[in-house]
Amino acid sequence: MNTKLTQTLCVWIAACGASCVVSGDSQKMPGQNSLGKEALPPFPGTALVATNEPIGQIITAEQAQLQSVEFAFRVPTVLGGEGKVETLAVKLRAGNIDGEVLSSTTPVVLAWPGSIQPLQVEFQFMDLPLLQVGQRYALQITHLAGDPIFEVLSLNPGSYGMGAMIYKGVEYDDVLGSDLWFQTGYIIPEPSTVALFTIGGTLMVLVRRKPHSPKLGRS
């Protein structure tokens with residue numbers, strides 16, 4: 001295969017790979033259950049976000065790209081009130097709650113819902129860094145502005161098994177058995193994109209493995 005064709009093939013594969021990074025459907029991975037927004041479970045544990053930071057959840061990456069995460073919140077009766085709002089966001093950190101910040105979500109403004117009923121809130125990440133499947137990451141909920149009225153809800157015992165709740169910077173491991181209620185939304189690559197990578201990779205191998213034919217010398 002000549003040099004020009006090889007270069008064209010490389011450009012084609014690179015272009016396909018670039019589009020593949022964010023190509024695919026978002027699939028929800030339940031951290032605690034697979035119930036819908038109208039069927040949240042009873043919560044034995046709550047913690048006010050603003051006064052218990054750093055607060056969040058340790059997770060184990062199940063796919064290479066995390067697009068969103070959902071947590072459940074409520075407002076205690078004594079803190080509720082007409083017109084009260086709080087702005088929250090989530091940071092994705094490497095390893096632990098004090099690890100490097102890999103991405104942050106778009107801030108979400110939560111308004112007092114008028115009751116103590118829990119809200120299931122989705123946070124969308126602004127960047128989609130590549131994660132290492134099987135490695136630990138921390139999801140840190142942060143209070144940005146407004147009235148400190150929202151509590152994040154937890155389950156005890158938790159059923160996640162691949163991480164633990166973070167409360168005031170302390171990891172509540174499997175011995176204590178607590179997890180925040182959460183769901184993660186990962187990008188699942190489309191089968192056609194995966195096939196494209198496979199075909200491109202195979203062609204590149206063929207290009208690299210093509211034997212060089214030595215020129216015959218004159219007798």
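Every read-out reported here was derived from the displayed coordinates using simple, explicitly stated rules and does not represent laboratory data. Please read all numbers here as calculations on a predicted model, not as lab measurements. FYI the Cβ positions are ideal-geometry reconstructions off the backbone, even for glycines, and counts take in every protein chain you see.
From least to most packed, judged by other beta carbons within 10 angstrom and beginning with the fewest, Lys91, Lys168, Lys84 follow the order Lys168, Lys84, Lys91. Sequence-ordered 3J(HN,Hα) estimates for the stretch 123-136 from the Karplus curve with 6.51, -1.76 and 1.60 and θ = phi - 60° stand at 10, 9, 6, 7, 10, 10, x, 6, 9, 9, 4, x, 8, 7 Hz, glycine and proline given as x. Using θ = phi - 60° in the Karplus curve 6.51 cos²θ - 1.76 cosθ + 1.60, the 3J(HN,Hα) couplings for the stretch 89-106 round to 8, 10, 9, 9, 10, 7, x, 9, 5, 9, x, 4, 6, 8, 6, 9, 8, 5 Hz; x is entered for Gly and Pro. Nearest 0.05, what FRET efficiency do Thr51 and Ser103 give at R0 = 30 Å with Cβ-Cβ as r? Given R0 = 30 Å and the Cβ-Cβ separation, E is 0.75. Residue-wise HN-Hα couplings along the stretch 47-57, as the Karplus relation 6.51 cos²θ - 1.76 cosθ + 1.60 with θ = phi - 60° gives them from phi, are 8, 5, 4, 5, 9, 10, 6, x, 9, x, 9 Hz; Gly and Pro carry x.
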